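Right, one structure below, let's go through it.
The values are calculated or read from the model by the stated rules, or taken from the named source; none is laboratory data. Predicted, not measured: the structure shown is a model, and the values here were computed from it. Ideal geometry is used to build each Cβ from the backbone, glycine not excepted, and the neighbour counts take in all protein chains shown. Calculation scope for accessible area: heavy atoms of the full protein, side chains included, ligands and nucleic acids excluded. Shrake-Rupley method; radii C 1.70, N 1.55, O 1.52, S 1.80 Å.
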Amino acid sequence: SDSKSLCIPHTAVLLNAAQSELSGEQFTALQSLLLEKIRLNLEKTIEDLDFFTRKFDYRNADLPWGNSKDANERMINLINGHCIGTVKTK
């Protein structure tokens with residue numbers, strides 16, 4: 001529960017393994033926790049990707065990058081389960 005999130009492929013592996021190891025209530029709690037973390041991470045990364053693309057419009061050139069500079073790498077890592085670029089996962 002302290003983790004920021006897992007990538008989608010590793011979440012699927014974890015849930016498949018947990019299904020046979022945990023009771024129904026424990027599994028449901030774990031599933032809810034993991035899916036909520038992924039949902040929040042996806043929402044944040046989508047927002048950052050949107051801003052990343054808008055930064056290439058000359059009208060937004062002076063806006064600070066914020067957390068959007070590595071949004072494309074984070075989204076690939078989240079969807080694909082591979083670590084590309086300099087993005088470090090926790």
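A few points about this structure:
- Filter result for residue 59 (surrounded by fewer than 11 Cβ atoms within 10 Å (Cβ to Cβ) and either under 19 Å from residue 4 (Cα atoms) or at pLDDT 90 or above (or both)): yes
- Set 77, 41, 67: member being modelled with pLDDT under 90, open to solvent by less than 70 Å² (accessible area, probe 1.4 Å) and not β-branched (Val, Ile, Thr): 77
- Total residues in the range 18-31, condition open to solvent by less than 70 Å² (accessible area, probe 1.4 Å) and either in contact with a Phe, Trp or Tyr (Cβ under 8 Å, 6 or more places away or on another chain) or closer than 30 Å to residue 73 by Cα (or both): 4
- For the range 3-17, the set of residues classified as touching a helix residue (DSSP H, G or I) at 6+ places or on another chain (Cβ under 8 Å), under 19 Å from residue 82 (Cβ atoms) and either hydrophobic (A, V, I, L, M, F, W, C) or surrounded by 13 or more Cβ atoms within 10 Å (Cβ to Cβ) (or both) consists of 5, 6, 7, 8, 9, 11, 14, listed by residue number.
- Of the candidates 35, 49, the single residue that is under 14 Å from the mean Cα position of the chain (by Cα), at pLDDT 90 or above and closer than 18 Å to residue 3 by Cβ is 35.
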